[in-house]
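Below: one structure, written as structure tokens.
The values are calculated or read from the model by the stated rules, or taken from the named source; none is laboratory data. These numbers come from a predicted model, not from an experiment. Note: ideal-geometry Cβ built from the backbone for every residue, glycine included; neighbour counts use all protein chains shown. Surface accessibility is based on the protein's heavy atoms, side chains included, excluding ligands, DNA and RNA. Shrake-Rupley method; radii C 1.70, N 1.55, O 1.52, S 1.80 Å.
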Amino acid sequence: MKVVIYSGGTLVHVAPHFSLCAPAYGKVGRDLFGKLGGTLYQTKMAHSESKIETNDDLKEHLLNQLEDESITHLIMAAAICDWEPDVLVSAGNTQIDFGKDVPRLSSSKGIEMYIEPSQKLVQLIKERRPDITLVTFKTTSDAPETLYEKCVLQQQQTKADYVVGNDIKTRHNI
């Protein structure tokens, strides 16, 4: 049995010194690794030396790992940024290119930014490797009454074998 655990949060660069992110610092993944062993991959948010920082970095790493047919279990405890920029308007200028290599935005001016959902990376796992036992996580905030339904929907969308639900405000877990 070969277990792989992903942990920490990812971000999406909008411009230098400005990103969208899913803040997560890797405690759940480290705790699971301590109990289960296996291989732990942390994002830069969870471990400063990591090369996995953005959604794109995580996607590339994940797809490479899925090529390893000896992996039997994958725990996706990483918080993947759900949004990416689509259009940004600042001082009458429209921007459609994003990342660390675009000009830095002036913080003396307001911006309008339109965002769109990012690719659901966890769905790639069972698409590529239906044989892997997949554990995912679903988070709500102050909505424990909808947590079960959201977990069921995630299981249907990702084909995960197990979905761990947690409400970060009420601390209700399922």
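Could you look through segment 10-37, keep only residues that are hydrophobic (A, V, I, L, M, F, W, C), in a strand (DSSP E or B) and out of contact with any Lys or Arg (no Cβ under 7 Å at 6 or more places or on another chain), and pick out the one that is farthest from Gly99 (Cα to Cα)? By that ranking, first place goes to Cys21.
Contact map, segment 68-92: residues that are under 16 Å from Leu20 (Cα atoms) and touching a residue at least 40 places away in the same chain (Cβ under 8 Å) paired with residues that are part of a strand (DSSP E or B) and open to solvent by 40 Å² or more (accessible area, probe 1.4 Å), Cβ distance under 6 Å, separation 6+ or inter-chain. Pairs shown: Cys81/Cys21; Trp83/Ile115; Pro85/Met113; Pro85/Ile115; Leu88/Ile111; Leu88/Met113. Any residue in segment 37-46 that is open to solvent by 10 Å² or more (accessible area, probe 1.4 Å), at positive phi and in contact with a strand residue (DSSP E or B) (Cβ under 8 Å, 6 or more places away or on another chain)? Checking segment 37-46: at least one residue is open to solvent by 10 Å² or more (accessible area, probe 1.4 Å), at positive phi and in contact with a strand residue (DSSP E or B) (Cβ under 8 Å, 6 or more places away or on another chain). Would you confirm whether or not segment 112-124 contains a residue that is polar (S, T, N, Q), under 17 Å from the mean Cα position of the chain (by Cα) and in a loop (DSSP other than H, G, I, E, B)? Yes; the residues of segment 112-124 include at least one that is polar (S, T, N, Q), under 17 Å from the mean Cα position of the chain (by Cα) and in a loop (DSSP other than H, G, I, E, B). Based on what the data block shows, is Leu32 more than 28 Å from Pro117 (Cα to Cα), buried (at least 16 other Cβ atoms within 10 Å of the Cβ) and either within 15 Å of the chain's Cα centre (by Cα) or not polar (S, T, N, Q) (or both)? Against the criterion (more than 28 Å from Pro117 (Cα to Cα), buried (at least 16 other Cβ atoms within 10 Å of the Cβ) and either within 15 Å of the chain's Cα centre (by Cα) or not polar (S, T, N, Q) (or both)), Leu32 qualifies. Counting the residues of segment 133-173 that are of a type in the set (A, V, I, L, M), in contact with a Leu (Cβ under 7 Å, 6 or more places away or on another chain) and either loosely packed, with under 13 Cβ neighbours inside 10 Å or assigned to a strand (DSSP E or B) (or both) gives 1.
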